[in-house]
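Below is one structure; the comments refer to it alone.
Every number here is computed from the coordinates shown, using simple stated rules; none is lab data. Remember, predicted model here, so these are calculated numbers, not experimental data. Counting neighbours? That spans all protein chains shown, and the Cβs are built from the backbone with ideal geometry, glycine included.
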Amino acid sequence: MMGELALRYPAQSLVVSTGSYPDSAESDKQFPQIIDRAGIRATRLRTINGLALWTSRASRLEQRHRFSFTWCGELKPAGYPAWWLAKRHGVPYGVVVHGTELLLLDHKIGKSRFKRWTASGLVTGATVLAANSTWTAGLARRIYERLDRPDLAARVQVVPLGTEPGQFRPGIDTRELRGRFGLEGGPWLLTVARLEWHKGIDTVIRALPAIRALYPGVRYAVAGTGPRGDELARIAGQAGVHHAVKFLGFVPDADLPALYNAADLYLGVSRYHELLAEGFGISLVEAQASGVAVVGGRSGGVADAVRDGETGVLVDPDSPAAVAVAVNRLLSDEPLRLRMGAAGRKAVETYYNWERVSRDFRRIDAEFRRSG
């Protein structure tokens, strides 16, 4: 997300400070901004040494460039050097909040005085919190209440995310991809997600018997990796649909546009599970950009990504029966499915896109940046 914003801010208007990756030098060439890589791997920025190095480097960058505003791509660890710049140099900062980190923070601040202190510093020190959905914004306001600062609730602004409609679009030739991944036949249901319980993949698997009772040819493709793969495969076996579920594993970004086009329906029935939830659901808008109708879970921030009854259908993500009813309805009504797919494409072209997200962020930092 922050990379998409950096591509769309005016050239040379940002200094992007982050950690290093193996291909950093090559990837940095695409950005029209100053990219400053801290002398430590990005995965090490959360360590004590990493935070000390990053904070010191941020101070030197401020002395050189005289920042007017700082955006943090997440609360931790980026919030720490931003908080220091605000305290030491008076640079206001905003934090992008995604949802799950706030659930964890809300859980911890009631149990740990230290966590409450550190959370208080980072979120009360921020000039603005940019929430990726209405649901995430509600969590952020609840954090302010838990910290006895309800007066700061007005600092929370909602900026729903988006995708790139030029990259994700209908009409992409899927023949090569279908052959490579074994996606012949169908109809195909698709989920692109990390293999975690809160993604609701198990709910879809358990719904498949009722779906295949009406549409025996339906199969379910799951793209992604994660710790629950073996357990999800066992659930498919127990439900008697192991032959109808295809775990694709890691799918490169370059293949995703064609993969969405190969799907008849996209399913993102995420739910709340053990302090994990979907704060928005970019894969849902990627599918909609591709002209594919979606079935989403009525949970977390999914309602901000799916316009229920217009671009897709929201269902109880804990109910296989509800998922089956929604899928069977859309499979049985091709005109409705096509209308929803077209409406999803229009929604991305007009709203759920990175250009609009970038305008929202630029409007916010223009409002709160320091003068001079």
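Computed from Cα positions, the angle between helix 229-238 and the longest principal axis of the chain comes to roughly 20 degrees. Across segment 194-251 the C-alpha pair distances fall into 10 Å bins from zero in the proportions 25, 58, 17, 0 percent.
Can you pull out the GluC sites (Glu not before Pro) in segment 102-192 whose DSSP state is coil and whose Cβ has at most 13 other Cβ atoms within 10 Å? Don't skip to the end; give the middle numbers.
Working: sites: GLU145, GLU176, GLU184; in loops: GLU184.
The qualifying sites are GLU184.
The trypsin sites (Lys or Arg not before Pro) of segment 49-83 that meet both conditions, a loop assignment by DSSP and at most 16 other Cβ atoms within 10 Å of the site Cβ, are ARG66. What's the center-to-center distance, using Cα atoms, between segment 255-315 and segment 21-40 in Å? Cα centroid to Cα centroid, the span is 31 Å. Globularity index of segment 328-372 is 1.95 (Cα radius of gyration / 2.2 N^0.38 Å, N = number of residues). Mind pulling the angle between the C-alpha long axis of helix 134-146 and the longest principal axis of the chain? Nearest 10 degrees, somewhere in 0 to 90. Between the helix axis and the principal axis of the chain, the angle is about 40 degrees.
Within segment 170-217, the ratio Rg/Rh, alpha carbon atoms throughout and Rh by Kirkwood, equals 1.03. Projecting the Cα atoms of TYR215, GLY268, SER20 onto the charge dipole of the chain (Cβ charges, centred on the Cα centre) puts SER20 farthest toward the positive pole. Averaged over residues, the count of other Cβ atoms within 10 Å places the peptides 123-134, 348-359 in the sequence 123-134, 348-359, highest first.
DSSP beta bridges confined to the chain are antiparallel in about 5 percent of cases. Sparsely packed loop sites in segment 267-319 (the GluC sites (Glu not before Pro) outside DSSP H, G, I, E and B with at most 12 other Cβ atoms within 10 Å) comprise GLU274. The reciprocal of the average 1/r between distinct C-alpha atoms defines the Kirkwood hydrodynamic radius, which for segment 118-242 equals 18.4 Å. For segment 186-335, the residue among VAL285, PRO187, ALA239 whose Cα projects farthest onto the positive side of the dipole built from Cβ charges is ALA239. Express as a percent, rounded to the nearest 5, the fraction of DSSP beta bridges in segment 175-350 (both residues included) that run antiparallel. Once the DSSP bridges in segment 175-350 are tallied, antiparallel ones form about 5 percent.
In segment 175-350, inverting the average of 1/r over every pair of distinct C-alpha atoms gives 15.7 Å as the Kirkwood radius. For segment 97-162 versus segment 65-87, the spacing of their alpha-carbon centroids is 16 Å.
On a 0 to 90° scale, report how tilted helix 201-214 is relative to the longest principal axis of the chain, with both axes built from alpha carbons and the result rounded to the nearest 10. Helix 201-214 sits at roughly 20 degrees to that axis. Under 19 Å of direct C-alpha separation, and excluding same-chain neighbours fewer than eight residues apart, LYS115 reaches these lysines: LYS76.
Its alpha carbons considered, the chain gives a radius of gyration followed by a Dmax of 21.8, 67 Å.
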